[in-house]
Amino acid sequence: MSAPPKAPAPARTGYRHVLAVPEFRALFAAHVLSLLGTVVAEIALSVLVYDLTGSPLMSALAFAAGFLPYALGGTLLAPVADRFPARRVLVVCDLVCAACVAAMVAPGAGVGVLLALRCCVAVVSPVFSGTRMATLADVLGDGDAFVLGRSLIRIVSQSALLAGYGLGGLLLTAVSPRHALLITVGTFLASAILLRFGTRRRPARRRDREQGGGTLVLLRNRRVLVLLLVFWVPAMFLVVPEALAAPYSHTLGAGSTGLGLLMCALPVGTVAGELFAGARLGAATRERIVLPLLCLAVVPYLGYALAPGLWPSLLLLVLAGACSAYTLGLDQWFVRAVPEELRGRAMTLLSAGLMTIQGVGMALAGAVAEVIGVRGAVVAAGVAGTVCCAALALACRLTESRDGAARDMTGR
């Protein structure tokens with residue numbers, strides 16, 4: 001059975017024209033709902049575990065449980081994204097998440113059960129994210145409209161870091177953590193309904209279920225591997241100031257207000273950079289600035305060597321976040337390099353690796369800061385990150401000729 005024709009991309013590209021596509025609006029609204037649910041669940045579960053145990057460590061583990069299983073889910077479940085119809089995968093993922101969170105609400109659920117259920121949600125998350133991103137290409141085409149649609153998804157995700165946790169904290173002043181979790185169940189169910197009735201059914205991308213090795217096929221392709229590393233490696237260094245924001249704020253004597261500003265600065269820069277590149281730059285220009293911005297991504301962190309105060313530090317973080325605008329052009333390269341029948345698996349692998357590498361970066365930041373101090377750790381991230389980004393930029397140049405040939409790498 002041949003796949004139905006893709007929905008035509010908008011004749012003009014721009015955020016407003018992407019939002020004019022009804023199927024994308026359903027995907028976008030479902031993303032907002034599931035994101036809100038995830039944020040509320042993270043806060044409510046962390047508070048609930050602390051109420052049950054009185055242990056800051058257990059409370060932190062409840063939060064970390066949302067990141068640790070990403071690698072497992074992204075590796076073991078990645079084939080699901082291509083071997084079943086995308087709409088079915090998305091709806092089932094939402095229903096699984098809703099069921100897991102509903103089980104957390106049960107009065108008899110102990111800490112071990114709560115953490116296990118949180119891990120189940122995290123295992124499913126990369127499959128949902130990867131399938132959704134691959135579906136964007138089906139809905140918008142694999143050109144500039146896809147890049148802008150993915151940019152909107154990222155902007156909402158970054159904005160959630162700015163507003164979501166604050167709103168979640170306010171919510172918990174009005175309702176108990178278990179009641180807040182019921183809201184999360186509602187958001188996941190609403191997302192499932194939107195996806196079921198707001199998107200078209202499309203057949204599975206890859207029918208040969210008995211044949212494995214799709215992930216290895218992707219990783220053996222030099223161009224795809226390099227592009228994955230360009231997504232992952234800078235992110236590992238970019239999270240260092242965020243991981244060390246609390247001790248750095250203490251060093252500056254900035255208190256909780258300074259801590260909040262330091263946590264917000266990088267997302268603010270990221271959103272600003274994405275919006276400018278998406279709204280003001282053309283597709284060709286966005287691709288031309290990928291490598292220059294990649295090389296500059298963590299250079300602002302070298303400014304920490306000058307022992308900046310709070311406001312200069314915030315400016316450095318905003319600049320680093322703005323350099324992340326290179327991801328728009330990188331999205332175009334990636335979707336162009338990956339065969340359509342492996343697109344869901346590739347996006348799942350990308351999502352899982354990104355979350356995992358950020359967790360690794362945060363852990364390494366803490367370990368390095370123990371030895372050379374907080375400011376030294378940020379500077380070290382700037383030095384090592386700049387070297388790695390320059391090497392990746394060179395690797396991108398060397399594999400450029402493979403970009404057009406990547407679609408043939410499966411022999412189809």
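The values are calculated or read from the model by the stated rules, or taken from the named source; none is laboratory data. Owing to the predicted nature of the structure, the values given are computational and were not obtained by experimental measurement. Cβ coordinates were reconstructed from backbone atoms using ideal geometry, including for glycine residues, and neighbour counts include every protein chain displayed. Calculation scope for accessible area: heavy atoms of the full protein, side chains included, ligands and nucleic acids excluded. Shrake-Rupley method; radii C 1.70, N 1.55, O 1.52, S 1.80 Å.
Below, the figures for the structure above:
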{"quantity": "Under 5 Å, built H, 5+ apart or other chain: amide partners of Arg202", "calculated": "Ala86, Arg87"}
{"quantity": "Inter-probe distance in nm under a simple model that places probes 7 Å from Cα toward Cβ, at Val387 and Val111", "calculated": "4.1"}
{"quantity": "Average Cα contact separation per residue, the stretch 265-383, under 8 Å, 6 or more apart, as relative contact order %", "calculated": "38"}
{"quantity": "Spacing of the two label points (7 Å from each Cα toward its C-beta) at Ala279 and Leu306, in nm", "calculated": "3.0"}
{"quantity": "Environment charge of Ala41, counting only residues whose C-beta is closer than 12 Å and scoring Lys/Arg +1, Asp/Glu -1", "calculated": "+1"}
{"quantity": "Probe 1.4 Å - accessible area at Asp51, Å² to nearest ten", "calculated": "100"}
{"quantity": "Value at 222 nm in deg cm²/dmol, rounded to 500, when DSSP H runs of n ≥ 4 in the chain each add -39,500 (n - 2.57)", "calculated": "-25000 deg cm²/dmol"}
{"quantity": "Contour minus Cα-Cα distance for Arg220 and Val360 (0.36 nm per residue)", "calculated": "48.1 nm"}
{"quantity": "Heavy-atom accessible area ranking, 1.4 Å probe, most first, across Ile357, Ile372", "calculated": "Ile372, Ile357"}
{"quantity": "Cα gyration tensor shape of the stretch 65-144, rounded if a/c is under 1.5, else prolate or oblate by comparing a/b with b/c", "calculated": "prolate"}
{"quantity": "Arg286, Arg220, ranked by accessible area, largest first (probe 1.4 Å)", "calculated": "Arg220, Arg286"}
{"quantity": "Two-site FRET efficiency, Ala174 against Asp51, from Cβ-Cβ distance with R₀ of 22 Å, rounded to 0.05", "calculated": "0.85"}
{"quantity": "Most mobile of Gly255, Gly198, Gly303 in a GNM of the chain (Cα contacts under 10 Å)", "calculated": "Gly255"}
{"quantity": "Tensor-based shape of the stretch 276-383 (alpha-carbon gyration tensor, a/c under 1.5 rounded, otherwise prolate or oblate)", "calculated": "oblate"}
{"quantity": "Prolate/oblate/rounded label for the chain (Cα gyration tensor, a/c 1.5)", "calculated": "oblate"}
{"quantity": "Segment Arg202-Leu398, extension gain: residue separation times 0.36 nm, minus the distance between their alpha carbons", "calculated": "67.0 nm"}
